[in-house]
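Heads up: the structure comes next, in structure tokens.
The values are calculated or read from the model by the stated rules, or taken from the named source; none is laboratory data. Only a predicted model underlies this, so the values are computations on that prediction, with no experimental measurement involved. Quick reminder, even Gly has a Cβ in these numbers, built from the backbone with ideal geometry, and neighbours come from all protein chains shown.
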Amino acid sequence: MDREIRIACGQFAAKPGDAPANVARMIAYAGQARAEGCALILFPELIVTGYLAPERVRPLAEPLSGPSVRRLAQAAGQIGIAIAFGMAELDEARGVRYNSLVIVDSSGQVAGVYHKMHLWDTEREWAEPGREVLSVDLGTARYSGWICYDTRFPELARLGALAGAEVALVPTAWLGPGQEWALALRARALDNGIFCAGADIVGPDPALRCRGLSLLVDPRGQVLARAEPDSEGIVCATLQRATFDAQRGRVPLLRHRRPALYGGLV
């Protein structure tokens, strides 16, 4: 991990089903984040289409070779910033769909893709669960990540930390109490001695109400930056290598693990 990295979370109310309009807003916020010195910006779960009912999401899924990823990758290369975002992904070869986190790096290449492992009930109607932990090196740091409901399963964050992650990227459309989201994300950071960035969608639909509760958390579980609920825009924070090293040195959780005792977990 670099001595310091500045990253952003972007949040807004996605225009339902209008990928070109939503991608345009993402690109604008990415430019703003770069102007503020950020190396990466994270956007919420399913931000490309909006977090919609299953029957609306299903036909909107796009392959990684589709127009939304191509346009965002091109913008990332032009702006010089990594862009991470949630989308409904179509695997054309297998004929299945995923609730995905896609990361394009600052050269405009797809650097990593994660498929949500723990699907919420309605997501099971259109998406297949993923099976692989995300681990990607963007040069500035090694990143892992997961999506929304995955945050409630501490095993996944631990697997990312064991793979060397220093920063976790967590897009969400948080439908539950906001205090539970903040507590869960802070706990995953503290549990593993990692930074966590969580970008939450703004969802005014009463049936799928999301408040835009984006936040960035350090390895001590302390909040570095937090968006105003229901606001649109970006929130930024600088992640310090010194904080990471100090917490790992003070509380060496990964070194003190005793895996031989954990068989009951599986």
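Please indicate, with yes or no, whether at least one residue in the range 172-179 is touching a strand residue (DSSP E or B) at 6+ places or on another chain (Cβ under 9 Å) and part of a strand (DSSP E or B).
Checking the range 172-179: at least one residue is touching a strand residue (DSSP E or B) at 6+ places or on another chain (Cβ under 9 Å) and part of a strand (DSSP E or B).
Can you tell me which residue is farthest from the chain's Cα centre (by Cα) among those in the range 22-54 that are within 20 Å of CYS148 (Cα to Cα) and part of a helix (DSSP H, G or I)?
Ranking the qualifying residues of the range 22-54, first place goes to PRO54.
Considering each residue of the range 53-102, count those that are without any contact (Cβ under 8 Å) to a residue 60 or more places away in the chain, farther than 21 Å from ALA24 by Cβ and hydrophobic (A, V, I, L, M, F, W, C), and give that number.
The number of residues fulfilling the criteria is 3.
Please identify the pairs in which a residue from the range 119-135 that is polar (S, T, N, Q) has its Cβ atom under 8 Å from the Cβ atom of a residue that is in a helix (DSSP H, G or I), counting only partners at least 6 apart or on another chain.
Listed by first residue and then by second, the contacts come to THR122/PRO54; SER135/GLY160.
Hey, among LEU216, LEU185, which residue is crowded, with 22+ Cβ neighbours inside 10 Å and out of contact with any Ser or Thr (no Cβ under 8 Å at 6 or more places or on another chain)?
When all the criteria are applied, what remains is LEU216.
Does GLU89 qualify as being acidic (Asp, Glu), at pLDDT 95 or above, surrounded by 15 or more Cβ atoms within 10 Å (Cβ to Cβ) and in a loop (DSSP other than H, G, I, E, B)?
no
Tell me the residue from LEU239, LEU254, LEU213, LEU224 that is in contact with a helix residue (DSSP H, G or I) (Cβ under 7 Å, 6 or more places away or on another chain) and under 29 Å from ALA35 (Cβ atoms), please.
Of LEU239, LEU254, LEU213, LEU224, the one residue that is in contact with a helix residue (DSSP H, G or I) (Cβ under 7 Å, 6 or more places away or on another chain) and under 29 Å from ALA35 (Cβ atoms) is LEU213.
I need the full set of residues from the range 57-76 which are surrounded by 15 or more Cβ atoms within 10 Å (Cβ to Cβ) and either among the charged types (D, E, K, R) or in a helix (DSSP H, G or I) (or both), in order please.
VAL57, ARG58, LEU60, GLU62, SER68, VAL69, ARG70, ARG71, LEU72, ALA73, ALA75, ALA76
Here is a list: SER106, SER135, SER100. Which entry is polar (S, T, N, Q), within 15 Å of the chain's Cα centre (by Cα), at pLDDT 95 or above and surrounded by fewer than 21 Cβ atoms within 10 Å (Cβ to Cβ)?
Unique residue meeting the criteria: SER135.
Kindly indicate which of VAL167, VAL223, VAL202 is under 14 Å from the mean Cα position of the chain (by Cα) and aliphatic (A, V, I, L, M).
Being under 14 Å from the mean Cα position of the chain (by Cα) and aliphatic (A, V, I, L, M) holds for just one of VAL167, VAL223, VAL202, which is VAL167.
Check whether at least one residue in the range 117-131 is over 16 Å from ALA84 (Cβ atoms), among the polar types (S, T, N, Q) and out of contact with any Cys (no Cβ under 8 Å at 6 or more places or on another chain), and report yes or no.
Looking through the range 117-131, at least one residue is over 16 Å from ALA84 (Cβ atoms), among the polar types (S, T, N, Q) and out of contact with any Cys (no Cβ under 8 Å at 6 or more places or on another chain).
Based on this model, can you work out whether CYS9 counts as closer than 17 Å to ARG142 by Cα and either hydroxyl-bearing (Ser, Thr, Tyr) or at pLDDT 95 or above (or both)?
no
Given the criteria buried (at least 17 other Cβ atoms within 10 Å of the Cβ) and at pLDDT below 95, does LEU175 qualify?
yes
Scanning for something at pLDDT below 95, among the acidic types (Asp, Glu), surrounded by fewer than 23 Cβ atoms within 10 Å (Cβ to Cβ) and outside any loop (DSSP other than H, G, I, E, B), does the range 118-129 turn up at least one residue?
Within the range 118-129 (the criterion being at pLDDT below 95, among the acidic types (Asp, Glu), surrounded by fewer than 23 Cβ atoms within 10 Å (Cβ to Cβ) and outside any loop (DSSP other than H, G, I, E, B)), the answer is yes, since at least one residue qualifies.
In the list TYR149, TYR143, which residue meets the criterion of being touching a residue at least 24 places away in the same chain (Cβ under 8 Å), surrounded by fewer than 24 Cβ atoms within 10 Å (Cβ to Cβ) and not aliphatic (A, V, I, L, M)?
Within the list TYR149, TYR143, the selection yields TYR149.
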